[in-house]
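Engineer: For reference, the structure I am asking about is given below.
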Amino acid sequence: MRIPTRLAAPALALALAALAAGCGSTQASNTSSAATASSTGGSTVGSAFPVSVRAANGTVKVPSRPTAILSLSPTGTEMLYAIGAGGQVKAVDSLSDYPPQAPRTKLSAFQPNVEAIVAEKPDLVIEAGDTGQLTKRLAAFSIPVLDLPAPANLAGEYAEFAELGRATGHLAQAEREVARVRGQLRQIVAAAPHQAKPITYYYELDQTYYSVTSDTFVGQLLGLLGMKSIADQAKGAASSGGYPQLSAEYILKANPDYIILADTICCHQDAATVARRPGWSALTAVKAGHVIGLNDDIASRWGPRVTDLLRTVETAVARDSAR
């Protein structure tokens, strides 16, 4: 889906304040709560059903505490386990590879098969974008659908945790998970070295040079560290929704301080492959060893492991600053 930077003292204070207020796909991380959260936690005290939950697809009524959840969202799957609702998950889509115990199937999140979904007899379906009007199609079978698409910012992520908590009977656990994420992000930002000016970066989504601007979810997350994307001034930055396709010439001319790779698993990219690209060995980031490789899945999801993404970048920048 989609998500560096270092701050001068005033900007750092603002970032910490924003975090405190809550404003603003394959290898597993051992630091994530998604792997360690209880998958069989009981219902939140006081969470009576039926409940009505506001989601991207409107107000969703969940008649009773779900016990056969079907997740068609890798991020949704991670969130479910992080809030202790894993024991209520019956099936997940083919891309939901984390945590490892999630019951993966061949179900597609991009081309949902209504017959196959209904055959699983779910009492709640989680999706990230109402693909193929799934909400309407499953309504014919009285199956509620909770649409939790990629949020615009951290506040949106926190809201989705709450929505999922209400829908599953784990609101208290969801609130604790939000508090954990907020707390870890504050710690990471507080540990970041101060810089006199923003650190520029090129964030690579794939080998065709699609990138992110500072206004995207990932860009805002990295902005907590005082980083600024070179894609901000690119042609089509706004019309692409913050995900413009750059050119090699543009990247070479911008000469970013850091290169952040979100295609290390899918496309086997690393510092060595980047250095072999024509002209790239002359880039400041390459010469200084400022190439950061991310886990593709963590880089594309907005759930409990956003802390892992930010920590990876902060650790690399702090190490480089100490040299």
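Engineer: Restricting to the range 115-151, count the residues that are in contact with a helix residue (DSSP H, G or I) (Cβ under 6 Å, 6 or more places away or on another chain) and over 29 Å from residue 299 (Cα atoms).
Structural biologist: Total meeting the criteria: 2.
Engineer: Taking interchain pairs and intrachain pairs at least six residues apart, which have beta carbon atoms under 9 angstrom, with the first residue in the range 178-196 and within 26 Å of residue 163 (Cα to Cα) and the second surrounded by fewer than 17 Cβ atoms within 10 Å (Cβ to Cβ) and small (Gly, Ala, Ser)?
Structural biologist: Partner pairs satisfying both residue conditions: 178/22; 182/20; 182/22; 186/20.
Engineer: Of the residues 256, 278, 304, only one is farther than 30 Å from residue 99 by Cβ, surrounded by 19 or more Cβ atoms within 10 Å (Cβ to Cβ) and not acidic (Asp, Glu); which? Spell out the reasoning first.
Structural biologist: Values: 278 fails: surrounded by 19 or more Cβ atoms within 10 Å (Cβ to Cβ); 304 fails: farther than 30 Å from residue 99 by Cβ.
Criteria check complete, one pass: 256.
Engineer: Suppose the filter is in contact with a strand residue (DSSP E or B) (Cβ under 6 Å, 6 or more places away or on another chain), open to solvent by less than 60 Å² (accessible area, probe 1.4 Å) and closer than 28 Å to residue 214 by Cβ; does residue 163 pass it?
Structural biologist: Yes; evaluated as a whole, the condition is true for this residue.
Engineer: Give me the pairs: first residue in the range 95-120 and more than 23 Å from residue 136 (Cβ to Cβ), second residue open to solvent by 40 Å² or more (accessible area, probe 1.4 Å) and part of a helix (DSSP H, G or I), beta-carbon distance under 6 Å, and six or more apart or on different chains, which are they?
Structural biologist: So the pair list comes out as 99/35.
Engineer: Tell me, which helices (runs of 4 or more DSSP H) wholly within the range 45-155 include 1 or more residues that are open to solvent by 40 Å² or more (accessible area, probe 1.4 Å)?
Structural biologist: 114-119, 134-139
Engineer: State all residues of the range 166-185 that are under 16 Å from residue 307 (Cβ atoms) and either open to solvent by 30 Å² or more (accessible area, probe 1.4 Å) or among the charged types (D, E, K, R) (or both); if no residue qualifies, say none.
Structural biologist: Result: 176, 177, 179, 180, 182, 184.
Engineer: Quick one: which residue in 53, 92 is hydrophobic (A, V, I, L, M, F, W, C) and under 16 Å from residue 174 (Cβ atoms)?
Structural biologist: 53
Engineer: Take the range 164-208 and flag every residue that is assigned to a loop (DSSP other than H, G, I, E, B) and not aliphatic (A, V, I, L, M). Break it down into steps so the answer makes sense when it comes.
Structural biologist: Keep residues of the range 164-208 that are assigned to a loop (DSSP other than H, G, I, E, B), which gives 169-170, 192-198, 205-208.
169, 170, 193, 194, 195, 197, 198, 206, 207, 208, listed by residue number.
Engineer: Restricting to the range 291-301, name every residue that is buried (at least 21 other Cβ atoms within 10 Å of the Cβ) and not β-branched (Val, Ile, Thr).
Structural biologist: Of everything in the range 291-301, those that are buried (at least 21 other Cβ atoms within 10 Å of the Cβ) and not β-branched (Val, Ile, Thr) turn out to be 294, 295, 296, 297, 299, 300, 301.
Engineer: Take residue 311 and tell me if it is more than 18 Å from residue 210 (Cα to Cα), at pLDDT 95 or above, surrounded by fewer than 20 Cβ atoms within 10 Å (Cβ to Cβ) and under 20 Å from the mean Cα position of the chain (by Cα).
Structural biologist: Yes: the conditions hold for residue 311.
The values are calculated or read from the model by the stated rules, or taken from the named source; none is laboratory data. Keep in mind it's a predicted model, so treat the numbers as computed, not measured. Here Cβ is always computed from backbone atoms with ideal geometry, including for glycine, and neighbour counts include all displayed protein chains. Please note that ligands, DNA and RNA were not included when accessible areas were found on the heavy atoms of the full protein model with its side chains. Shrake-Rupley method; radii C 1.70, N 1.55, O 1.52, S 1.80 Å.
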